[in-house]
Number of protein chains: 2
Amino acid sequence: MISKGITVFAPATIGNAGSGFDVIGIAIDKPGDIVVASRSKQPGLHFSLRVSSREVPPDLSNVAAHVAQLMLDEFKPGFGIDLTLHKKMPVGSGLGSSAASSVAAVVAVNALLPKPLKRVDLLRFALEGERLASGSIHADNAAPSLLGGAQLVRSYTPLDVVALPVRNTILWVVIHPHLVVRTEDARSVLPATVPMQSAIRQWGNVGGLVAGLARGDASLVGRSTEDVVAEPVRAKLVSGFHEVRDAALEAGAFGCTLSGSGPAMFAVASSLQSAKKIAAAMKKTFARVANAKADAFISRINMRGATIIRS
Amino acid sequence: MISKGITVFAPATIGNAGSGFDVIGIAIDKPGDIVVASRSKQPGLHFSLRVSSREVPPDLSNVAAHVAQLMLDEFKPGFGIDLTLHKKMPVGSGLGSSAASSVAAVVAVNALLPKPLKRVDLLRFALEGERLASGSIHADNAAPSLLGGAQLVRSYTPLDVVALPVRNTILWVVIHPHLVVRTEDARSVLPATVPMQSAIRQWGNVGGLVAGLARGDASLVGRSTEDVVAEPVRAKLVSGFHEVRDAALEAGAFGCTLSGSGPAMFAVASSLQSAKKIAAAMKKTFARVANAKADAFISRINMRGATIIRS
C-alpha cells in the first residue's frame with residue numbers, strides 16, 4: 001500500500017485578465033507552488049510546510065491541508081497521507097497563490113487515491129481552499145491552475161467552467177512587486193453596483209478578450225484588458241500603478257493592468273523581445289516610483305495547468 | 001454619368017444576442033430591407049418609399065433618406081440620386097429594422113459614387129440613421145447588417161467593432177409576433193445601475209457567447225444567451241414571453257430570449273429539424289397566449305451582410 005511520493009507543480013494564474021473580473025483566469029508557466037505527497041501507514045493527514053522566502057500567513061498555507069483533509073474525509077482511502085507544501089509563491093500577490101497551493105494539494109492527493117478522479121472533478125475541492133482563503137468561492141484562479149489554459153467561469157450557480165479557445169501566440173509579462181495587498185482589502189473597495197454604461201463597456205471588453213484569445217490577437221487582447229469596474233478602485237492600493245502602466249505601454253505593451261487584485265500587474269506583448277523590454281521598464285518604474293523590488297515572469301499561456309513532475 | 005440602378009438587400013439582425021446587450025449583433029438571412037438607387041441628372045436626393053404591408057412611421061422610414069443625404073453632402077458627387085426604399089421589414093420588431101434601412105441606403109449610394117468607400121468605412125453613416133431612429137448611437141444592429149457575421153462593438157468611444165470568430169453551424173430561430181414594442185419604451189425601462197453580481201453574471205455569459213460562437217457550440221451559446229440585465233424588464237413588454245420561451249426550451253432550444261428590444265424572440269438550435277419544431281412551438285404559443293400571429297425565420301449566421309443583388 002505504500003507508494004512512492006508524488007510531486008505536483010501548480011502554476012500561478014492571471015485572475016480577471018483585466019476586464020474578466022471574477023470570470024476569466026489564465027495559467028502561466030511560473031511561479032507556482034509544489035506539493036509532495038505520499039501514502040502513510042498512519043491514518044489521517046500529516047501536513048508540513050516549507051517556505052522558500054518570505055513569511056506565509058498560517059491561514060493561507062493551510063488551504064493545502066484543508067483541501068487534502070476534505071478529500072481524505074470523502075474518499076476514506078484506508079491509508080494516511082504525508083503532504084508537504086513547498087510554498088514558492090508570494091502570498092497576497094494577485095497571482096493566485098492560494099489557488100496554486102490548493103490545486104497542487106488536490107492533484108497530489110488524487111494521484112494517491114486507488115481510483116483517481118478526472119481532473120475537472122477536482123475543481124470543487126480546490127474551490128474549498130479558495131473559500132477558506134477568501135471567505136467566498138472564486139474559481140478564476142483555481143480553474144486555470146488546475147486545468148491549464150484560459151478558463152471562463154461562465155456561471156457560479158450552477159458552476160459552469162468553460163475552457164476558452166486559445167491561439168497561444170501572445171506573451172504575458174507578469175511583474176510582482178514586493179508590496180502587499182490583502183485580497184480582503186481589494187474586495188472591500190469594490191462597489192456594490194455598476195453604472196449601466198460601465199457595465200456595457202466591461203462586457204464589450206470581455207467579448208474582445210475572448211475573441212482576441214481565440215485569434216491570438218495581441219492588439220485586441222491588449223485593448224480588451226481595459227477594466228472600468230475593479231481597476232479604478234484597486235489601482236489606488238498599488239503604489240506606482242499608473243506610472244508602471246504608462247512605462248509598459250510606452251515600451252510597447254498592447255495593454256497593462258492588475259493581475260487579480262494586485263499588486264502584481266501584467267502586460268500583453270506579441271514578441272519575446274518586446275516582452276523583455278516591457279518587463280525591464282515595469283521593474284525599473286516600480287523601483288523608481290514605489291521603491292519596490294519586483295520579479296518578472298514572461299510566459300505564454302500554460303495549457304497544461306497543474307502537472308505531476310515526479311511520481 | 002447616368003448609371004443603371006443598384007439594388008441592395010440589407011439583412012435583419014439579432015441585436016444583443018441575449019447577454020451581449022448593446023455590444024453584440026448577429027446578421028441573419030431574412031427578413032431584410034431593399035433599396036434601389038440610381039444616379040440622376042437632377043442634383044440632390046429624390047427619395048421614395050414603397051411599403052409592403054403595414055404602415056411605417058415617417059421618422060423610421062426616413063433613416064434611409066437621412067443617411068443618403070449625409071453621404072451626398074459629404075462627397076458631393078456632381079449628380080443627384082434617386083433612391084427608393086422598399087420597406088420589407090416590420091418596424092419596432094427588435095430585428096434591426098432601422099439599421100437595415102440605413103445600411104441598404106448607404107451601400108447603394110456608395111456603389112454609385114465615383115470612388116466607393118470600403119464597406120467598414122460606411123458604418124459611421126449607417127450609425128447616423130440609428131441616431132435619427134433612436135436618439136443615440138447603437139451599432140449592434142448596423143454593424144452586422146452592414147458587415148455580416150457576428151459583430152462585437154467592443155467600444156463606442158472610440159468606436160471599435162470586432163468581427164467575432166464564427167463556426168457557422170448553429171441554427172437561429174427568429175419569431176416575430178405581430179405586437180408592437182417601441183424601442184424608446186424598451187430603453188426607458190432599463191435601470192441606470194446594475195448590481196455587481198448581475199454584472200459579473202452578464203459578462204460571464206458574454207464570454208460564453210463569444211467562445212460558443214467561435215466553437216459553433218449550440219449548447220454553450222444557448223445557455224450564454226441568458227440576459228439578467230435587460231430581459232427581466234423588457235420581457236414584461238412582450239405579451240406571452242415566458243410561455244413562448246418555455247415552449248421553445250421544451251421543443252429542444254438551447255436558449256431563447258428577446259431579439260434586440262423585442263417583441264421578436266430568437267432561439268438556438270443545432271439542427272434544421274429541431275429548429276422547425278421550435279419555430280412551430282413558438283408560433284403556436286404566441287397565438288394561444290397573446291392572440292398574436294407570428295412570422296418565423298430560420299437561418300444560420302449571414303456572413304455576407306448587405307449585398308448588391310442587382311447592378
- Neighbours by Cβ (under 6 Å, 6+ apart or cross-chain): first from region B:120-135, crowded, with 16+ Cβ neighbours inside 10 Å; second of a type in the set (S, T, N, Q): B:L122/B:N110; B:A126/B:S102; B:G129/B:S102; B:A133/B:S98; B:S134/B:T183
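Would it be correct to say that B:H138 is modelled with pLDDT under 95 and within 26 Å of B:T257 (Cα to Cα)? Let's see the steps before the verdict.
Details: modelled with pLDDT under 95: yes; within 26 Å of B:T257 (Cα to Cα): yes.
Considered against the rule, which asks whether it is modelled with pLDDT under 95 and within 26 Å of B:T257 (Cα to Cα), B:H138 comes out as yes.
For (1) modelled with pLDDT under 95; (2) surrounded by 19 or more Cβ atoms within 10 Å (Cβ to Cβ); (3) polar (S, T, N, Q), each residue gets a yes or a no:
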residue: B:A264; (1), (2), (3): no, yes, no
residue: B:S271; (1), (2), (3): no, no, yes
residue: B:S274; (1), (2), (3): no, yes, yes
residue: B:A281; (1), (2), (3): no, yes, no
residue: B:M303; (1), (2), (3): no, no, no
residue: B:R310; (1), (2), (3): yes, no, no
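Return yes when B:V289 is within 14 Å of chain A (Cβ to nearest Cβ), without any contact (Cβ under 8 Å) to a residue 60 or more places away in the chain and surrounded by fewer than 21 Cβ atoms within 10 Å (Cβ to Cβ) and no when it is not. Spell out the reasoning first.
Values: within 14 Å of chain A (Cβ to nearest Cβ): no; without any contact (Cβ under 8 Å) to a residue 60 or more places away in the chain: yes; surrounded by fewer than 21 Cβ atoms within 10 Å (Cβ to Cβ): yes.
No; evaluated as a whole, the condition is false for this residue.
Yes/no matrix, rows are residues, columns are (1) assigned to a loop (DSSP other than H, G, I, E, B); (2) modelled with pLDDT of 95 or more; (3) closer than 30 Å to B:A211 by Cα; (4) β-branched (V, I, T):
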{"residue": "A:G25", "(1), (2), (3), (4)": "no, yes, yes, no"}
{"residue": "A:G32", "(1), (2), (3), (4)": "no, yes, yes, no"}
{"residue": "A:V35", "(1), (2), (3), (4)": "no, yes, no, yes"}
{"residue": "A:R39", "(1), (2), (3), (4)": "no, yes, no, no"}
{"residue": "A:L49", "(1), (2), (3), (4)": "no, no, no, no"}
{"residue": "A:R54", "(1), (2), (3), (4)": "yes, no, no, no"}
- Message: Quick test for you: out of B:K4, B:K30, pick the one residue that is within 26 Å of B:D140 (Cα to Cα) and surrounded by fewer than 17 Cβ atoms within 10 Å (Cβ to Cβ).
- Response: B:K30
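Of A:L122, A:L117, A:L70, A:L127, which residue is aliphatic (A, V, I, L, M), in a helix (DSSP H, G or I) and more than 27 Å from A:S299 (Cα to Cα)? Walk me through how you get there before you give the answer.
Details: A:L122 fails: more than 27 Å from A:S299 (Cα to Cα); A:L117 fails: in a helix (DSSP H, G or I); A:L127 fails: more than 27 Å from A:S299 (Cα to Cα).
One residue alone meets the criteria, A:L70.
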- Note on the structure: Screening B:A230, B:A214 for residues that are aliphatic (A, V, I, L, M), more than 7 Å from every other protein chain (Cβ to nearest Cβ) and over 22 Å from A:A230 (Cβ atoms) leaves only B:A230
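Yes/no matrix, rows are residues, columns are (1) closer than 29 Å to B:S19 by Cβ; (2) among the acidic types (D, E); (3) touching a helix residue (DSSP H, G or I) at 6+ places or on another chain (Cβ under 6 Å):
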| residue | (1), (2), (3) |
| --- | --- |
| B:S97 | yes, no, no |
| B:A100 | yes, no, yes |
| B:A108 | no, no, no |
| B:E128 | yes, yes, yes |
| B:A133 | yes, no, yes |
| B:L147 | yes, no, no |
- Selection from region B:172-211 of residues that are surrounded by fewer than 24 Cβ atoms within 10 Å (Cβ to Cβ), more than 7 Å from every other protein chain (Cβ to nearest Cβ) and of a type in the set (A, V, I, L, M): B:L179, B:V180, B:V181, B:A186, B:V189
- Among the residues of region B:8-28 satisfying the criterion of being of a type in the set (A, V, I, L, M) and within 12 Å of another protein chain (Cβ to nearest Cβ), which is farthest from the chain's Cα centre (by Cα)? B:V23
- Query: Which residues, counting only those in region A:233-262, are within 14 Å of another protein chain (Cβ to nearest Cβ) and either over 19 Å from the mean Cα position of the chain (by Cα) or surrounded by fewer than 23 Cβ atoms within 10 Å (Cβ to Cβ) (or both)?
  - Reply: A:V233, A:F254
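Quick one: would you say B:S101 is assigned to a helix (DSSP H, G or I), at pLDDT 95 or above and either in the same structural domain as B:G129 (by TED's automatic domain parsing) or surrounded by fewer than 23 Cβ atoms within 10 Å (Cβ to Cβ) (or both)? Walk me through it before giving the result.
On the way: assigned to a helix (DSSP H, G or I): yes; at pLDDT 95 or above: yes; either in the same structural domain as B:G129 (by TED's automatic domain parsing) or surrounded by fewer than 23 Cβ atoms within 10 Å (Cβ to Cβ) (or both): yes.
Judged against the criteria, B:S101 is a match.
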- Please work out which one of (1) under 27 Å from B:S98 (Cβ atoms); (2) not in a loop (DSSP other than H, G, I, E, B) is the condition B:S239 fails and give its number. (2)
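The values are calculated or read from the model by the stated rules, or taken from the named source; none is laboratory data. Remember, it's a predicted structure, so these values are computed and weren't measured experimentally. Because the Cβ atoms are built from the backbone with ideal geometry, glycine has one as well, and the counts that use them run over all protein chains shown.
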